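Novice: Dropping a structure here in structure tokens format, bear with me for questions.
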Amino acid sequence: MSNINRMLLDVDTGIDDALAILYALLSPEINVEGITTGFGNIDVEQATENTLRVVQVANCGYEVPIAKGAAGPLKRVFPGSVSHIHGHNGIGDAILPPSPQQLEEESAAQFIVRKVNESPGELTLVTVGRQTNLALALQLDPSIETKFKKVVVMGGCVFVPGNSTPVSEANFYGDPEAAAIVFESQLPLTIVGLDVTQKTRLSKRHMAYLSQEIADDKQEILDFLNVALEPYFDFYAFSNKFDGECAMHDPLAVIVAINPSLVQIETMNAVIDCGSGYTAGMIITDRRVRSTVGRPVDFCLEVDQEKAIAQLLSVFTKGEK
Ligand code: RIB
Ligand code: CA
């Protein structure tokens, strides 16, 4: 097991979350020791249902405990699902069969606290939704901040525009106070934000390649992805003027967690803005020579997107495990 990355995932299972989960479960380099769910792309009930079903369709050959988490932000009101991006059910209105798997009895925060205390220094946590579950876990047991091997967060933007406001990314905008708690902690953070995720694009040509090269036992996954990705391609054509491409935000966070050589990282002192209006959830980096604001955080600023996409596709094609 020594080369295997022991991982926890925190998700709000929309379309790109589903791809991140599938990648993590099918990668021979990763053992997913649990998935926690939260509100975000859709409400927590639907995110949890989607997670159960995506885990089932992955058919990864081992048990993956799933714990349900926060239904809303720490101090704000959840505005509801983003059906114009992820469809009405969060997974592009694709229908997956129901799963018989039972949820963990613990909350997401309790689950994260227990798992990291059982294996201090061993687990990588990848969060690809709001930071609410992680913030609640830190409030439950502040000692966990030094017990993760690393914490990779899909969220925020530094040198590129936001996607919820001109300066704020959805996962941080959706619960700024939670993101601020995470940034103020001593967690070993790597931020995989829009600076790199918007450049890491899956294209319709990639999907055509997958149709040719799909492994015999992954046809059900491909059928699911073809339906789920349709509205996602449409959204990116409209919002970003992408031509037959969509951003792989959440899969890139998982990929960076196991292969950081694909990104260039710069360490900057940073805080999260918790005001109202456009700057809610904005990352403020203090790049002054004598920086006084925030604490050092690792930000991914450049990515080898071709290699990242090739790594993502590799788990679905013939010849992989
Ligand atoms: O801004 C991108 C993030 O928002 C991704 O995690 C996506 O799934 C949505 O939650
Ligand atoms: Ca997400």
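Novice: From the list GLU122, GLU106, exactly one residue is open to solvent by less than 60 Å² (accessible area, probe 1.4 Å), acidic (Asp, Glu) and either within 16 Å of ligand 2 (Cβ to nearest atom) or not in a helix (DSSP H, G or I) (or both). Which is it?
Specialist: Exactly one residue qualifies, and that residue is GLU106.
Novice: Is it the case that some residue within segment 293-304 is in contact with a helix residue (DSSP H, G or I) (Cβ under 8 Å, 6 or more places away or on another chain), over 29 Å from ALA135 (Cα atoms) and not in a strand (DSSP E or B)?
Specialist: yes
Novice: Please count how many residues of segment 1-23 are away from ligand 2 (no atom under 13 Å from the Cβ) and either under 21 Å from SER119 (Cβ atoms) or open to solvent by 10 Å² or more (accessible area, probe 1.4 Å) (or both).
Specialist: Counting residues in segment 1-23 that are away from ligand 2 (no atom under 13 Å from the Cβ) and either under 21 Å from SER119 (Cβ atoms) or open to solvent by 10 Å² or more (accessible area, probe 1.4 Å) (or both) gives 8.
Novice: Working carefully through the options LEU210, LEU229, find the one that is open to solvent by less than 10 Å² (accessible area, probe 1.4 Å) and either under 21 Å from THR124 (Cβ atoms) or over 17 Å from the mean Cα position of the chain (by Cα) (or both).
Specialist: Exactly one of LEU210, LEU229 is open to solvent by less than 10 Å² (accessible area, probe 1.4 Å) and either under 21 Å from THR124 (Cβ atoms) or over 17 Å from the mean Cα position of the chain (by Cα) (or both), namely LEU210.
Novice: Which of (1) hydrophobic (A, V, I, L, M, F, W, C); (2) more than 16 Å from ligand 2 (Cβ to nearest atom); (3) open to solvent by less than 10 Å² (accessible area, probe 1.4 Å) does VAL182 not meet, given it meets every other one?
Specialist: With (1) hydrophobic (A, V, I, L, M, F, W, C); (2) more than 16 Å from ligand 2 (Cβ to nearest atom); (3) open to solvent by less than 10 Å² (accessible area, probe 1.4 Å) applied to VAL182, the lone miss is (2).
The values are calculated or read from the model by the stated rules, or taken from the named source; none is laboratory data. Remember, it's a predicted structure, so these values are computed and weren't measured experimentally. We place every Cβ from the backbone using ideal geometry, glycine too, and count neighbours over all the protein chains shown. Side chains included, ligands, DNA and RNA excluded: accessible areas come from the protein's heavy atoms. Shrake-Rupley method; radii C 1.70, N 1.55, O 1.52, S 1.80 Å.
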